[in-house]
Structure formats: C-alpha cells, structure tokens
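**Student:** First the structure, then my questions, so here it is.
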Amino acid sequence: MKIVKLPKENLVEFIGRLSLFGEIHAPTKRGERSFVFAPVRDLSEIELNYTRTILPLKKYF
C-alpha cells in the first residue's frame, strides 16, 4: 500500500475540486467558541483549528 500525503499548500485546491463532485461538509465556527459540522459553500468558512464540535461527526451523519 502506498501512502500519499497532501501538502497544506494544496489543501484549498483539493477541497475546491472535491466540491465539483458533491457537497462539502466541514467544521465551521458557530458563536465565539463553538464549532459544528455543516455544509460549506465558501472555503473560507472552514475552520481547521477547532477544538470539539457541539455534535460529534458520528451523530452528524
């Protein structure tokens, strides 16, 4: 099995291309210190430095 690592500088382009195939769900900021998984239309809404979300990913789906 080959392991492939995605460099941080390519992350925005990768997510942009994924959005061509379907809806993107990612952690977003809600409130001052709260985060939730939600559908994302603009890539600037994605918050990669988050602590815990209100609902865990398992319960979101």
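Every number in this text was worked out from the coordinates using simple rules, so none of it is lab data. Nothing here was measured: the structure is a model prediction, and the numbers come from that model. Positions of Cβ are generated from backbone atoms using ideal geometry, with glycine treated the same way; all protein chains shown enter the neighbour counts.
**Student:** Starting from the Cα of K59, draw a straight line to each of the lysines and keep only those under 24 Å, dropping any in the same chain fewer than 8 residues away.
**Tutor:** Here the lysines satisfying the reach criterion relative to K59 are K29.
**Student:** Residue separation times 0.36 nm, minus the C-alpha to C-alpha distance between L48 and K8: what's the value?
**Tutor:** Taking L48 through K8 to full extension adds about 13.3 nm, to one decimal.
**Student:** I would also like to ask the following. Using θ = phi - 60° and the Karplus curve 6.51 cos²θ - 1.76 cosθ + 1.60, what whole-Hz ³J(HN,Hα) does each residue of the stretch 32-44 get, with Gly and Pro shown as x?
**Tutor:** Per residue, the Karplus-derived 3J(HN,Hα) values read 7, 10, 10, 10, 9, 7, 8, x, 10, 9, 10, 5, 6 Hz.
**Student:** Let me have the relative contact order for the chain, percent, based on Cα pairs under 8 Å that are six or more residues apart.
**Tutor:** Computed over the chain, the figure is 26 percent.
**Student:** Using the Cα centre as the reference, give the magnitude of the dipole from point charges on the C-beta atoms of the chain (Lys, Arg: +1; Asp, Glu: -1; all else neutral), rounded to the nearest 20 debye.
**Tutor:** So the dipole magnitude of the chain works out to roughly 340 debye.
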